[in-house]
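The values are calculated or read from the model by the stated rules, or taken from the named source; none is laboratory data. Remember, it's a predicted structure, so these values are computed and weren't measured experimentally. So basically every Cβ, Gly included, is an ideal-geometry build from the backbone, and we count neighbours across all protein chains shown. Surface areas here come from the heavy atoms of the whole protein model, side chains and all, with no ligands, DNA or RNA. Shrake-Rupley method; radii C 1.70, N 1.55, O 1.52, S 1.80 Å.
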Amino acid sequence: MNATETLKTTRTTGGEAATGRLFFLEASGGRIHSANADGSDRKVIVDGCRIPDGIVVDVKAGHIYWTNMGIPTKNDGSIERADLDGQNRKKIVPEGGTFTPKQLHLEKKSGKLYWCDREGMRVMRANLDGSNIETLFDSSKGDARPGTDETKVCVGITVDPDRGQIYWTQKGTEEGIGIALDFKGNRMFVTDLAGNIFSAKLDGTEKKPLLVAQGNLTGIAYAEIS
């Protein structure tokens, strides 16, 4: 089986065929796209977003969640939710509920959304319906928001619920923005601000472009959907 055939293969889970699907954000156009894992069948499922940056997929509940950075100099960031096809769109964290939300993590065990607030210089979380917004870490050390010190702004985030730990990144200089992993398929998907999506094995080998020049791309998520 060659690489192209492998990308198109569906997997069977619980008696149902599951198809790998990518969901990725176009910050420059304010759109959310969906495509097969080989880049085919690309479609816009949500538009009119305010500089979307982070995205996660909850396959079981049939939802996608994403962050809207808004205007970095203003306190008008938000988080939205929609069905996997983009329908039933709902704002769960209102504008101003977070300053400039970036990458997003869904932790089903605790029923929480975690995200980094860049110019807000914070790590934050909320319930899946947007209630009970909390600041877990504040790197501002008394600085006024919006923060401009790049050593204090937070960008990427992930959570290890078994160990009860949170990991996040401070802003860097690389162009790579979003990353999604397919452990079963031994592959990763990466976006960059030049509008490209690349796939590669988990060890970084066999890197190849799936889509190019698609606008300023930010977050990306991979899910297997029945």
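Taking the criterion of being at pLDDT 80 or above and in a strand (DSSP E or B), the residues of region 158-187 that qualify are 182, 187.
Restricting attention to region 13-26, the residues that are crowded, with 16+ Cβ neighbours inside 10 Å, at pLDDT 80 or above and closer than 11 Å to residue 226 by Cβ total 1. Filtered by the rule that a residue be farther than 18 Å from residue 53 by Cα and among the charged types (D, E, K, R), region 113-155 gives 129, 134, 138, 141, 143, 145, 149, 152.
It is to be established whether one or more residues within region 208-226 are outside any strand (DSSP E or B), modelled with pLDDT under 85 and surrounded by 19 or more Cβ atoms within 10 Å (Cβ to Cβ).
Scanning region 208-226, I find at least one residue that is outside any strand (DSSP E or B), modelled with pLDDT under 85 and surrounded by 19 or more Cβ atoms within 10 Å (Cβ to Cβ), so the answer is yes.
Scanning region 65-93 for residues that are surrounded by fewer than 17 Cβ atoms within 10 Å (Cβ to Cβ) and part of a strand (DSSP E or B) gives 83, 90, 91.
Does residue 48 satisfy the condition of being assigned to a loop (DSSP other than H, G, I, E, B) and either within 17 Å of residue 224 (Cβ to Cβ) or not aliphatic (A, V, I, L, M) (or both)?
Details: assigned to a loop (DSSP other than H, G, I, E, B): yes; either within 17 Å of residue 224 (Cβ to Cβ) or not aliphatic (A, V, I, L, M) (or both): yes.
Yes.
Looking across region 128-157, the residues that are open to solvent by less than 40 Å² (accessible area, probe 1.4 Å) and part of a strand (DSSP E or B) come down to 154, 155, 156, 157.
Scanning region 110-127 for residues that are modelled with pLDDT of 95 or more, open to solvent by 40 Å² or more (accessible area, probe 1.4 Å) and not charged (D, E, K, R) yields a single hit, 127. With respect to (1) under 30 Å from residue 201 (Cα atoms); (2) over 17 Å from the mean Cα position of the chain (by Cα); (3) surrounded by fewer than 18 Cβ atoms within 10 Å (Cβ to Cβ), the lone exception for residue 185 is condition (3). Taking each residue of region 89-102 that is under 17 Å from residue 129 (Cβ atoms) and looking for partners that are among the acidic types (Asp, Glu) and surrounded by 24 or more Cβ atoms within 10 Å (Cβ to Cβ) with beta-carbon atoms closer than 8 Å, six or more apart or interchain, yields 98/117; 101/53; 101/117.
Being open to solvent by 50 Å² or more (accessible area, probe 1.4 Å) and not hydrophobic (A, V, I, L, M, F, W, C) is true for just one of 54, 29, 62, 48. Which residue is that?
48
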